[in-house]
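This report concerns only the one structure given below.
Throughout, read-outs are computed from the coordinates displayed, never taken from laboratory work. For clarity, every value in this text was computed on a predicted model and none was experimentally measured. We place every Cβ from the backbone using ideal geometry, glycine too, and count neighbours over all the protein chains shown.
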Amino acid sequence: MRYFFYLIILFSYSISAQEHPIGVKVGGNISSLAGDGTENISSMPNFHAGFFMEIDAAKDLKIQPELLFTVYGFRQSEDGPPKVRLNYVVLPVIAKYFVSETFSFDAGPQVGLLVTAKNGTGSLADVKSAFYDRDFGVNVGASLAISEKVSASARYYFGLTDVTSASTKNFNRAFQIAFQFKIN
């Protein structure tokens, strides 16, 4: 966890250097859990928002680190609370390979830290003890530059680490659509 905060500080320092385009990212998620015992679980819409930076790595390759607040979650159709919201601070590092000036294929790892976990019962009971504090996975998708300052992206997130402290193995999954706005 300490290394995660070092990455945040490093990311913040890099932003202040103003050597690379930075911006704001906002979008929606359709998320769920995959794995053991997820037959009665369905997807749930949520959101994500945060900051990004673009770093030129090669002629057709850019690296895009991001610092986002994202909400994953799921709905249960039977036993248990009707929905569960998992609030994460995530750090994706995306490699963007441009096949044209405006279109790129994107892929890269993501590490996440669970901030809160709530269910939809009563006064949104805290269920964080039922989930691990960390998540690690891979994003794959594509981006399209709409203008010099605005772009859109679509990604699928594959969680690779078990996120539940239950005896079953469950993994976050999310389809994400976002808009990115460069501010410098």
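Converting phi to 3J(HN,Hα) with the Karplus coefficients 6.51, -1.76 and 1.60 and the offset θ = phi - 60°, region 29-43 yields 10, 10, 10, 6, 10, 10, x, 5, x, 9, 4, 9, 10, 10, 6 Hz in sequence order, with x at every glycine or proline. Straight-line cross-link reach from LYS62 at under 16 Å between alpha-carbon atoms covers these aspartates and glutamates, not counting any fewer than eight positions away in the same chain: GLU19, GLU54, GLU101, ASP106, GLU148.
Taken over the C-alpha atoms, region 24-169 has Rg and Dmax values of 16.7, 54 angstrom.
With R₀ set to 45 Å, the beta-carbon distance separating SER167 from ILE146 gives a calculated FRET efficiency near 0.45.
Pairs LYS83/LYS128; LYS96/LYS149; LYS96/LYS182; LYS59/LYS182: which are spaced more than 18 Å apart, C-alpha to C-alpha? Exceeds cut-off: LYS59/LYS182.
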